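Worksheet for the structure shown next.
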Amino acid sequence: MTAAKALLHHLDLAFGAKPPRQLAIAISGGGDSTALLHLAVQWGKSELLAVTVDHGLRPEASGEAEQVAGHCAEFGVPHEILRWSDWDGQGNLQDAARRARYRLICDWAGSAGVSDVAFGHTADDNAETFIMGLSRGAGLDGLSGMRPRFSREGLNYHRPLLAVSRDDLRLYLQDLGVAWIEDPSNLDLRFDRIKARKALATLSEAGVTSEALNASIGNLNATRRDLNRELMMLVRDDLRFDRGDLLIGIDRFLSLSPEYARRLLNACLRLVSGQDYPPRAEKVMRLIDEAGRGGGTTLHGCQITTRVSDPVRAIRIAREPAAVAGLIAPTTSVWDHRWKIDGPHSEDLEVRALGGEGLKSCPEWRAAGLPRASLAASPAIWKGPRLVAAPLAGLTNGWTATLLHGKNSLNHI
């Protein structure tokens, strides 16, 4: 098997017998994503689009994005440039850029009708992520590697080259005579990933190679997967959705080991909030310790209420109204990572949280059977200051709000 055929085989493995009709390639112009574009063209089993995020962090970035657009045009691949201009100079730049990249691509994909996006992450990226996890004292979840595929807001993300080395992709491009863009920030030791990359080079001299680390990642991920499967089998009958709220039976929860209780709460909080990472461990453990006493609190953008004496003895995890108060989206887009809105769409309408004021315009809200806070955080359709519909609060006016995920999604967090 030639090197090119071996690389193409990874795309076959990633997408199986039924590849997506359309596949968007997230391409920066670097070696990994450029190789992915060429491989996808050569593979030829999906109609291709391409998207580049210009983070605007270097003077050259705009010109590089245009250079990528020209490269895509050579293959007749439609290309879109998305620009990020929200960096305020505060916090972790690379994390903020990553979050912005996913948000921009997700919004673009929704408007373009794209369901599948592929990224050029490699085995080296996976090993570097592992080292970064070690530096933070991560546990099993943080050391189990990058996911080869996941879904968020109705969009499927793929990393088909996660078992391929960066060097192999560059050799592939060199054989084709294709150049790529070298981002100077890849040498900037202010960034954690670049520090991890340097550490990996040093570890390789002692035999701790990217290949060895990826083998360990695979073993840890298998353990994590089995633990999650066992946990879900244990609690499945004690989990249910009540519209957008997730309920956990309190008796089952209190019977779990601290580790299983932590894993379950982390998964539920991430699912309801739509956040990539769980909250700090000490906050979760405090919540576990207090679960048997009842009461309420907020954590990770969620409102958590525990009822220990009601007929329904449960922990209710709902979206926190304050966390969604500023979220605005067209009615044709996914709102708050998880709600699909259907109805008589119009460009002068938008989706916002119902809020306390909106709730006053829903005289039948109590009949919905949801707590006031849950309804305040629910999606509503607005025309300027006027409330048009609040599907979960009984004011439908031809509109529906559908949750994009159920409890089965906990298996993939």
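FYI, it's all coordinate maths here, none of it is from the lab. These numbers come from a predicted model, not from an experiment. As a convention, Cβ positions derive from the backbone with ideal geometry for all residues, glycine included, and neighbour counts pool all protein chains shown.
The figures follow:
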| read-out | value |
| --- | --- |
| Cβ pairs under 9 Å, 6+ apart, first in the range 286-313 and basic (Lys, Arg), second assigned to a helix (DSSP H, G or I) and surrounded by 19 or more Cβ atoms within 10 Å (Cβ to Cβ) | ARG307/ILE250; ARG313/ILE250 |
| Checking LEU36 against (1) assigned to a loop (DSSP other than H, G, I, E, B); (2) on the phi < 0 side of the Ramachandran plot, the condition it does not meet | (1) |
| Test: residue in the range 178-200 that is outside any helix (DSSP H, G or I), closer than 19 Å to PHE15 by Cα and in contact with a His (Cβ under 8 Å, 6 or more places away or on another chain) | no |
| Counted residues, the range 389-411 - those being surrounded by 19 or more Cβ atoms within 10 Å (Cβ to Cβ) and in a helix (DSSP H, G or I) | 4 |
| Search result, residues across the range 62-117 that are more than 25 Å from the chain's Cα centre (by Cα), free of Cβ contacts under 8 Å to residues at least 40 places away in the same chain and part of a helix (DSSP H, G or I) | SER62, GLY63, GLU66, ALA69, GLY70, ALA73, GLU74 |
